[in-house]
Amino acid sequence: MNCSDHVLELPNNINDWAIATDKVCWKISKINQGDIVKVNLGKVDFIKPSGLILLSVLCRHLYNITRKKIIIEGMQYEVYKYLNKVSFFNVCQDYLEETEFYKISVFSDIKNIMSVNPYNTIKIMRVKPKDFIEFTQLNTYIGPILNSWLPESWSNEYKSDIQTALAELCNNSIEHSESETFFTLQKYKNEWVELSIGDAGIGISGHLRLKYNWLERRDVDFIKVALQGKTGRKSGRGGFGLQTVQELVKQYNGEMNIHSLKGSVKITGSKNQSEINHNYSFPGTRCHVILRKPNMFTKNM
Amino acid sequence: MNRVFKLVELAKKRFGEAQSEYYMLSRPIGAEDAETFIKNEIMNTPAGFTFVLDFQNIKLADVSYVDEVLLTPIVECCSGLFGERYIAVANINEGTMNNLEAAILYRDKNNKEFVPVVNKSNSKNVIIGNLEKSLRDTYDYLVLKEQVTAKDIVNHFDIDHRNASTRLKRLYDYRLVKRQALSDENGFYYELL
């Protein structure tokens, strides 16, 4: 078999899925099993949770195709520092090529993944398909982290709602995607918390088509239908997760961005919803949510 | 008369005794807990008793979990699956309460199934869910009196007997109140869970 080398240069706006994935997807279609892939981050100035999740899912997907470990190269120092801080190299070590550069600074102690991070971000987490117990256990570490970020007594409801949003989105992925789930949280400027969740699985349309044979519909239509409470479960029960998160986005004057296969839907606050039909399909589903810290006088009830 | 089941005991079995906080999350875990434990515990509750699902020391239960572990058994209870047994909750914290209210709302909106829940907290019975005004007023009166007949409702609200009976029956159909036959005349008396 002839194997090729590929260099996948990620765009600067890796944090914006709508732009980043189309620039990358057409190159992925040329990659085959056995090929060597280098993911070049030279143009990336900074990474946020959304970019971190995209990078994790991308590397996982590339490994699934090639069955060879992926090489990350060209990192600027600030990007490397961030990826190290969130334990990206450690958590994703199964499918990242180990280099001397990583060995110097990587956390080798797996337990450190669980330690409370003094920064405003947590380490990226990775959960196997259907492993609800592991995800539930991880919340016993996330709870104290949120308490350290938001120690004020008034913030108890806000913290519960953050964990509810995280649970509903992660459990959707863990239950339905048939793929690993990655997630992370980060606090910004003491003003809002961002949650990012992603997988490289079957996507929302892949799940809904189990029950609804809407062959003519676009991926964006399936996302919108899921937001209205439809589920692909045979029992017909549920479909409450995305509705719950939408309501929290409205309550906390936030944003929600869902990207699944060829479709994206963005919801801002209580009203605005925009959609994109991408040129290329990127596997799985990613969800990014911003929940703003409530102003005691202006929380949307 | 109540039979209390502490959900934290189930959490300890699943996650171990050593944790400082317990979370109950996800629909599959809720469905498994409902099928494997909760329904058996309900059936082991004596007839006429209220099975109280106690959420003390549960840090958070999400919308999907409470829908499976609580609302689904209540629907089955209303259909007569558990005979003359009733279900209530107790010691729900604010975060889980928000999620329970959301689960009730979405079940009604998505499945056209309204499932109000009795919350036994601080020695008071409170209904969770958006009960229509006439039923809520009737329930509040029952809370005051602890036990009422249709005649009591007629006299208090100045409505006809049929209307009064319907209100009480609907509260019973939701399993928000207990119902016992009157010994010396036709009809029932109704009391709190």
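Annotations for the structure displayed:
- Selection of trypsin sites (Lys or Arg not before Pro), the range A:136-232, meeting DSSP coil and at most 11 other Cβ within 10 Å: A:Lys189
- Heavy-atom accessible surface of the protein assembly as shown, averaged per residue, reaches 44 Å², computed with a 1.4 Å probe.
- With all protein chains in place and ligands, DNA and RNA left out, the 1.4 Å accessible area ranks B:Leu144, B:Leu192 as B:Leu144, B:Leu192, largest first.
- Approximating the spin labels as points 7 Å out from Cα along Cα→Cβ, the B:Leu182-to-A:Asp94 distance works out to 6.8 nm.
- Between B:Asn155 and B:Lys133, the simple label model (points 7 Å from Cα in the Cβ direction) yields a spacing of 2.6 nm.
- Between the range B:8-45 and the range B:83-132, the Cα center-to-center distance that results, in Å: 18 Å
- Contact surface B-A: accessible area buried, both sides summed, square angstrom, 1.4 angstrom probe: 2400 Å²
- Partner chain coverage, peptide B:49-62 - average Cβ within 10 angstrom: 2
- The local environment of B:Ile104, defined by Cβ-Cβ distances under 12 Å, has a net charge of -2 under the rule Lys, Arg +1 and Asp, Glu -1.
- Between the Cα long axis of helix B:161-173 and the first principal axis of chain B there is an angle of about 10°, rounded to the nearest 10.
- Expected-Rg normalisation [2.2 N^0.38 Å, Cα atoms] applied to the range B:1-82: 1.07
- Among B:Phe82, B:Phe157, B:Phe114, the residue with the largest mean-square fluctuation in a Gaussian network model of chain B, with springs joining Cα atoms closer than 10 Å, is B:Phe157.
- Antiparallel %, DSSP beta bridges [both residues in chain A], to 5: 80 percent
- Net +/- balance of residues flanking B:Val75 in space, Cβ distance below 13 Å, scoring K and R +1, D and E -1: -1
- Cα convex hull volume per residue for chain A (Å³): 136 Å³
- Using 0.36 nm per residue and subtracting the Cα-Cα separation, the extra length available between A:Cys3 and A:Ala18 on full extension is 2.3 nm.
- The modelled label-to-label distance for the pair B:Lys13/A:Glu152, using points 7 Å beyond Cα in the direction of Cβ, is 4.2 nm.
The values are calculated or read from the model by the stated rules, or taken from the named source; none is laboratory data. Being a predicted model, the structure only gives us computed values, none of them experimental. Here Cβ is always computed from backbone atoms with ideal geometry, including for glycine, and neighbour counts include all displayed protein chains. SASA here: full protein model, heavy atoms, side chains in, ligands and nucleic acids out. Shrake-Rupley method; radii C 1.70, N 1.55, O 1.52, S 1.80 Å.
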